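Chemist: Let me give you the structure first, and then I'll get to my questions.
Throughout, read-outs are computed from the coordinates displayed, never taken from laboratory work. What you are looking at is a predicted structure, and each value in this text was computed from that prediction instead of being measured. Cβ placement follows ideal geometry from the backbone for every residue including glycine, while neighbour counts extend to all protein chains displayed.
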């Protein structure tokens, strides 16, 4: 029997959050953590979490498993469980709405701040704006982000200043459009990032890289942004 | 809903952040100050430790002789400027991480401003004191 300790908080009933211990029969199989959450919910339907695609594409079920953020649907028990114990908590640093569901408003507000869409004032060509394969290659490792928030909620700088520091997820997308040869708003984008918080709260500890379920590297993207800011100012 | 109301972040997103108490008011120059000052401080430590290793068994006369030379006075002053700049940027970051309204409630801003002010005054005092020691003014 797998020992699971799950974070419970229903603000309409509970004065404060508590950890609930549950035993789950896994049948000796190396299930995904989401499967275990489904088994728990089958026994107690008041347990609340987000999920959708169950295959690491939608980014809904980002949770904290034994202290590490990740997507429950693509994290096998063999990777998450230690000493037959699994501790499930909501993503850290964001306000909890209920149980494992967090309020992502600040995360999305930071994403919105980087204006994550192509900006080009020149008239659109008849078919499409073309890129060479080399130019397109620059977007690899950037466009794959599914906005699960595992990285930003693993980042201490985002915990302390979630309203001022854009966070790894937002900055990865900021660089995705800075690196796009079809985007012509580079200077305006950089001007909005030059303050002491938006980019420069990143101290390069790479907690984001460590947890990204898609294997992306926000720290490297932030380094590129910093270099662009530096060469713009010199 | 938890600690943050949705009013903080609805609609057009958050504004860019500016601050009057940073060393330079932009993140880029703060970062530049921190990196260049770190290089100067590293060079200073290497020179001092290197001199100690090269002059084993040195006494007060040799040590004060080293600091009597103009290049060492200038280098020490440069290191002192670097230390003040490095500490200003670094402490400002620490204070704006931990001494905030989120952490300390309404008093957070006052406490942070006092801490920032105190750190700047202490660093300026050390700087002036360092000049007095080095140049004997």
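Chemist: Could you give me the residue pairs with C-beta distances under 6 Å whose first residue belongs to segment B:89-109 and is facing chain A (nearest Cβ under 8 Å) and without any contact (Cβ under 8 Å) to a residue 24 or more places away in the chain, whose second residue is part of a helix (DSSP H, G or I) and surrounded by 14 or more Cβ atoms within 10 Å (Cβ to Cβ) wherever it lies, and which are 6+ apart or on separate chains?
Modeler: B:97/A:160; B:100/B:108
Chemist: Tell me which of these residue A:167 doesn't satisfy, since it passes every other one: (1) closer than 21 Å to residue A:203 by Cα; (2) over 12 Å from the mean Cα position of the chain (by Cα).
Modeler: Status for residue A:167: all satisfied but (2).
Chemist: Further question: What number of residues in segment B:65-115 are in contact with a helix residue (DSSP H, G or I) (Cβ under 8 Å, 6 or more places away or on another chain), surrounded by fewer than 16 Cβ atoms within 10 Å (Cβ to Cβ) and outside any helix (DSSP H, G or I)?
Modeler: Count: 0.
Chemist: Would you please name the residue that is nearest to the chain's Cα centre (by Cα), looking only at residues in segment A:111-148 that are surrounded by 13 or more Cβ atoms within 10 Å (Cβ to Cβ) and assigned to a helix (DSSP H, G or I)?
Modeler: Filtering segment A:111-148 for residues that are surrounded by 13 or more Cβ atoms within 10 Å (Cβ to Cβ) and assigned to a helix (DSSP H, G or I), the one nearest to the chain's Cα centre (by Cα) comes out as A:111.
Chemist: Can you tell me which residues in segment A:189-232 are within 11 Å of chain B (Cβ to nearest Cβ), in contact (Cβ under 8 Å) with a residue 24 or more places away in the chain and either closer than 14 Å to residue A:176 by Cβ or part of a helix (DSSP H, G or I) (or both)?
Modeler: Of everything in segment A:189-232, those that are within 11 Å of chain B (Cβ to nearest Cβ), in contact (Cβ under 8 Å) with a residue 24 or more places away in the chain and either closer than 14 Å to residue A:176 by Cβ or part of a helix (DSSP H, G or I) (or both) turn out to be A:190, A:193, A:225, A:226, A:228, A:229, A:232.
Chemist: Here's something else I'd like to know. Can you name every residue in segment A:149-174 that is on the phi > 0 side of the Ramachandran plot and in a loop (DSSP other than H, G, I, E, B)?
Modeler: Step one: of segment A:149-174, the residues on the phi > 0 side of the Ramachandran plot are A:149, A:167.
The answer is A:149, and nothing else.
Chemist: Would you check which residues across segment A:150-162 are within 14 Å of another protein chain (Cβ to nearest Cβ) and surrounded by 17 or more Cβ atoms within 10 Å (Cβ to Cβ) and list them? Outline the logic, then answer.
Modeler: Here is the first cut: in segment A:150-162, the residues within 14 Å of another protein chain (Cβ to nearest Cβ) are A:152-153, A:155-162.
Those that are within 14 Å of another protein chain (Cβ to nearest Cβ) and surrounded by 17 or more Cβ atoms within 10 Å (Cβ to Cβ): A:152, A:153, A:155, A:157, A:158, A:159, A:160, A:161, A:162.
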